[in-house]
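What follows draws every value from the coordinates through simple rules; no lab data is involved. Computed from a predicted model, the values in this text were never measured in an experiment. We place every Cβ from the backbone using ideal geometry, glycine too, and count neighbours over all the protein chains shown.
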Amino acid sequence: PDGVVDADMLAANAVTTAKISNSQITEAKLASDQQKGLAKAWVNFNGTGTIAVRSSFNVSSVSDEGTGEFKVNFTNAMSDDDFCVVTSGASQGISAAMMYMYNPTVNSTQVECVNDAAARMDPVFACVSVFAN
């Protein structure tokens with residue numbers, strides 16, 4: 001009813017207010033389950049020629065390990081190497097590109113990009129996201 005605030009509504013508002021300060025949600029204010037849903041690292045880079053990072057979070061660098069092979073180095077280590085990596089890659093004039101992760105460590109992960117013929121290729125657009133505890 002209008003003008004009546006029930007206890008559930010008040011409790012929900014108190015939780016929201018505690019998690020938000022100055023219109024910003026910070027990791028420290030989120031519950032552990034909510035923190036697990038956030039990317040712990042991500043990067044968007046051009047993998048052709050000299051690698052050019054367009055934007056990133058918790059990635060100190062991307063190393064060129066050969067045609068279609070890259071090492072994504074983390075600024076802050078993951079808690080273990082049992083993390084999930086989501087990748088995507090594309091190049092102009094290529095009908096398909098696939099990226100996948102291998103050799104994960106707490107400090108880095110390696111990714112490889114191949115075209116639709118399974119040949120390694122350097123992507124114009126490469127994106128790597130890491131989800132971890």
Taking a crude spin-label model, label points 7 Å out from Cα along the C-beta direction, the residue 88 to residue 119 distance in nm is 2.5 nm
Sequence-distant residues sharing a close amide H with residue 122 (under 5 Å, placed H): 68
Per q in 0.12, 0.14, 0.15, 0.22 1/Å, what log10 I(q)/I(0) does a Debye calculation on the alpha-carbon atoms of region 32-133 return? -0.36, -0.48, -0.55, -1.09
